[in-house]
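A short worksheet on the structure shown next.
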Amino acid sequence: MTDKTPAGEASAAVCRAVVKDGRRHRALNPWSEKDGALLQAVSRGEYAINGLRNRDVRRQLWPKAGTDREERRRAGRVTRQLRLLRAHGLLRKVSGTHRYVVTAGGRKIITALLAARQADVEQLTALAA
């Protein structure tokens with residue numbers, strides 16, 4: 001079964017701000033360095049079965065360990081980023097654990113966005129013609 005939805009249409013929802021539980025969550029910008037790195041970190045195959053934790057995302061975004069204060073700040077920052085991805089429906093929390101898994105729809109959207117980030121301009125121009 002193939003999904004013929006254009007990538008722009010599928011990802012349009014995450015590129016707009018969303019309100020969830022009375023809180024506004026900003027739009028994702030897949031072209032920015034920080035949001036792109038976050039999407040890459042959560043979409044790694046090793047997290048497909050057991051899910052990911054805050055600690056796992058921190059190790060992907062910051063390979064070198066920092067001071068205790070830096071690690072606390074990084075943990076808070078990743079918590080807010082995970083909350084943003086949950087608000088957009090890309091992640092869901094595994095109840096009773098500290099883990100998150102990428103949703104089925106989230107997997108499609110993240111894969112499309114990451115593929116678009118890596119696409120060659122010449123290839124896209126040839127496809128458009």
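Inside the range 23-42, can you point out the residues that are touching a residue at least 12 places away in the same chain (Cβ under 8 Å) and more than 14 Å from ARG117 (Cα to Cα)?
Going residue by residue through the range 23-42, those that are touching a residue at least 12 places away in the same chain (Cβ under 8 Å) are 23, 25-31, 36-42.
Residues satisfying the conditions are ARG23, HIS25, ARG26, ALA27, ALA41, VAL42.
May I ask you to list the residues in the range 1-22 that are touching a residue at least 12 places away in the same chain (Cβ under 8 Å), surrounded by fewer than 17 Cβ atoms within 10 Å (Cβ to Cβ) and over 14 Å from ALA115 (Cα atoms)?
Residues satisfying the conditions are ASP3, ALA13, CYS15, VAL18, LYS20.
If GLY105 passes every condition in (1) of a type outside the set (Val, Ile, Thr); (2) within 26 Å of LEU127 (Cβ to Cβ); (3) in contact (Cβ under 8 Å) with a residue 24 or more places away in the chain but one, which one does it miss?
Unmet condition: (3).
Which pairs turn up if I take residues in the range 110-129 that are under 27 Å from ARG86 (Cβ atoms) and look for partners that are assigned to a helix (DSSP H, G or I) and not aliphatic (A, V, I, L, M) with beta carbon separation below 7 Å, at least 6 apart in sequence or on another chain?
Cβ pairs passing all conditions: ALA112/SER11; LEU113/SER11; LEU114/GLN40; ARG117/GLY36.
Evaluate the range 53-66: report whether one residue or more is of a type in the set (Asp, Glu), crowded, with 16+ Cβ neighbours inside 10 Å, free of Cβ contacts under 8 Å to residues at least 24 places away in the same chain and farther than 19 Å from ALA115 by Cβ. Walk me through it before giving the result.
Kept after step one, since they are of a type in the set (Asp, Glu), are these residues of the range 53-66: 56.
Next, from what is left, pick out any that are crowded, with 16+ Cβ neighbours inside 10 Å: 56.
Now drop any that are not free of Cβ contacts under 8 Å to residues at least 24 places away in the same chain, which leaves 56.
Then keep just the ones that are farther than 19 Å from ALA115 by Cβ; that gives 56.
Yes, the range 53-66 has at least one match.
Just so you know, all these numbers are worked out from the coordinates, no wet-lab data involved. Note that the structure is a prediction, hence the values are computed from the model and not measured. Because the Cβ atoms are built from the backbone with ideal geometry, glycine has one as well, and the counts that use them run over all protein chains shown.
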